[in-house]
Amino acid sequence: MIINIASIPEQGIKFKAEEPGEITGLGEADGFRIAGPVSCNLYAQVVDGVLVVRGKLSVPVEARCARCTQFFSTTVTDSGFLRDFPGVEGVEEVDITEDIREALVLSLPHSPLCDEGCKGLCVHCGKDLNDGPCGCRRMEESGSWGALNSLKL
Ligand SMILES: [Zn+2]
Ligand SMILES: [Zn+2]
């Protein structure tokens, strides 16, 4: 996103803009798929030769669940975006694309979960346990809980 310094009034300006989701540089290798454009809801002002940009950024993504590895839809948001660009006197425009990218990457969830109660994958056979139990889980249970089960019987 290019900010045109001359177009900013003294009292600052509020503006909305969209940037292509691709500017985040995120891909499936990172566990994310971009699902739409980056929405920027920003306020820009020049104070004593310093461009200050603040506001909210968000981008819809599909994130890979840290437990079941399925992709699910979510939104990455930075509601406290704030950057200073000093020395903009006599400068025509400032490109803040890299700052937007960085802010969104820093706002990514570290271990995204499709659901708090996601059961994940069986460590033995890899079956998605959200779809129901697998055979080896039953075997494991009858092994460790065998004594208890026979007591119940
Ligand atoms: Zn999951
Ligand atoms: Zn299993």
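Bear in mind that the values in this text are calculations on the coordinates, not laboratory data. Bear in mind the structure is a predicted one, so any value in this text is a computation, not a measurement. Neighbour counts run over all protein chains shown; Cβ positions are idealised from the backbone, glycine included.
Numerical summary
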{"quantity": "Mean Cβ neighbour count within 10 Å, used as a protection proxy, ranking 31-39, 92-100 highest first", "calculated": "31-39, 92-100"}
{"quantity": "Amide hydrogen neighbours beyond the local backbone of residue 12, cut-off 5 Å, H modeled", "calculated": "46"}
{"quantity": "Helix 97-106 vs. the chain, principal-axis angle (Cα, 0 to 90°, nearest 10)", "calculated": "30"}
{"quantity": "Residue-span extension gain [residue 5 to residue 77] - 0.36 nm each, minus C-alpha spacing", "calculated": "23.3 nm"}
{"quantity": "The chain - Rg (one decimal) and Dmax (whole number), Cα, Å", "calculated": "24.0, 85"}
{"quantity": "Calculated FRET efficiency for the pair residue 22/residue 54, C-beta based, R₀ 22 Å, to 0.05", "calculated": "0.40"}
{"quantity": "Cβ-based exposure ranking for 18, 116, in which fewest neighbours within 10 Å come first", "calculated": "116, 18"}
